[in-house]
Structure formats: C-alpha cells, structure tokens
Amino acid sequence: MAARYQVTCINKGPTHHDPHTRIQAIGGVHNGQHWKLTEAQAIAQIESRTYEFYVSVKGHTVDVIVAIHLGRKYLKTRADDYSPDNLLSLPECP
C-alpha cells in the first residue's frame, strides 16, 4: 500500500494564480517533516504507486492524479465539481 501525503503548498512560476502555468513542485508536512517534490518526482511516485497525494481545502479532500495534455504529463486533482481548483488554491511553498 502506498504512503499517503497531504499536499499543502505548490510552486508555480512566474505567476502563481495563472491556471495555464504548470505546477513546478508540490510540498507539505508528513510526520512533522517538511517535504517537497518536483512535478516530475511526484508523477514518478504516483505512477510507481510508492506515494499517493491528496489535497484538503475547506473540508474537501480529493486525490492528486497524473493527467496528460498534448502528450505531456502533469498533476491535477481528481474531478470533484468543486471550485476553485484544489491545487491552484494552495499557497506557494517556501
């Protein structure tokens, strides 16, 4: 069974709130330890089923999954009909 980590922050550039800018990294705290993975590292962990990631915003919990757009993999949350986008609503990681 994959370890499950809550994503509490993201890095995007150059503009954090532009929905068309790719997420560069995700991060959080697990067992008191800060962690941060690049998008490529997080995708590899999800695909190998080593780790699962989720986002919890305003009491809404949803899984982070790998999707493909124009042949390139990226991170997003499973569709849950909740707005705003769960990942994009997270603060910037330090």
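Around the Cα centre of the chain, unit charges on the Cβ atoms of Lys, Arg, Asp and Glu (plus for the first two, minus for the last two) sum to a dipole of about 180 debye. Each Cα pair of the range 1-73 feeds into the Kirkwood radius, which the Stokes-Einstein equation turns, at 37 °C and 0.692 mPa s, into a diffusion coefficient of 252 µm²/s. 3J(HN,Hα) couplings calculated from phi for the range 27-40 with the Karplus curve 6.51 cos²θ - 1.76 cosθ + 1.60 (θ = phi - 60°) are, in sequence order, x, x, 10, 9, 6, x, 10, 6, 9, 8, 10, 5, 4, 4 Hz; Gly and Pro show x.
For the range 1-79, with all protein chains in place and a probe radius of 1.4 Å, 51% of the accessible heavy-atom surface sits on carbon or sulfur. Determine, from the Cβ-Cβ distance of residue 34 and residue 1 and an R0 of 22 Å, the FRET efficiency 1/(1 + (r/R0)^6), rounded to the nearest 0.05. With a Förster radius of 22 Å, E is 0.40.
Going by accessible area, probe 1.4 Å, with all protein chains left in place, what is the ranking of 60, 34, 69, largest first?
On the way: 60 70, 34 155, 69 110 Å².
In descending accessible area the options line up as 34, 69, 60.
A 1.4 Å probe run over the protein chains yields, for the chain, 63 Å² of accessible area per residue, whole-number rounding. Close amide H contacts of residue 8 (hydrogens built in the peptide plane, cut-off under 5 Å, sequence separation of 5 or more or a different chain): 27, 28, 29. Positive end of the dipole of the chain, charges at C-beta (+1 Lys, Arg; -1 Asp, Glu), about the Cα centre: which of 45, 9, 79 has its Cα farthest in that direction? Final value for the positive-end residue is 45.
Would you kindly state the longest site-free stretch of the chain, with sites defined as trypsin sites (Lys or Arg not before Pro) in a DSSP loop (not H, G, I, E, B) surrounded by at most 10 other Cβ atoms within 10 Å? Counting at most 10 other Cβ atoms within 10 Å as exposed, the longest clean stretch of the chain is 1-48. Estimated from helical segments only, the mean residue ellipticity of the chain at 222 nm is -2500 deg cm²/dmol, where each DSSP H run of four or more residues counts as -39500 (n - 2.57).
Of the chymotrypsin sites (Phe, Trp or Tyr not before Pro) found in the range 33-94, those in coil by DSSP whose Cβ has at most 16 other Cβ atoms within 10 Å are 82.
Could you please report the charge total around residue 69, scoring K, R as +1 and D, E as -1 over all other residues with beta-carbon less than 12 angstrom from its beta-carbon?
On the way: positive: 22, 72, 73, 76; negative: none.
Net charge around residue 69: +4.
Residues whose amide H falls under 5 Å from that of residue 65, counting only those 5 or more places apart or on a different chain, are 76, 77, 78, with hydrogens built in the peptide plane.
The values are calculated or read from the model by the stated rules, or taken from the named source; none is laboratory data. Bear in mind the structure is a predicted one, so any value in this text is a computation, not a measurement. Glycine gets a Cβ as well: all are built from the backbone with ideal geometry, and neighbour counts include every protein chain shown. For the accessible areas, the whole protein counts, side chains as well, though only heavy atoms, and no ligand, DNA or RNA atoms are used. Shrake-Rupley method; radii C 1.70, N 1.55, O 1.52, S 1.80 Å.
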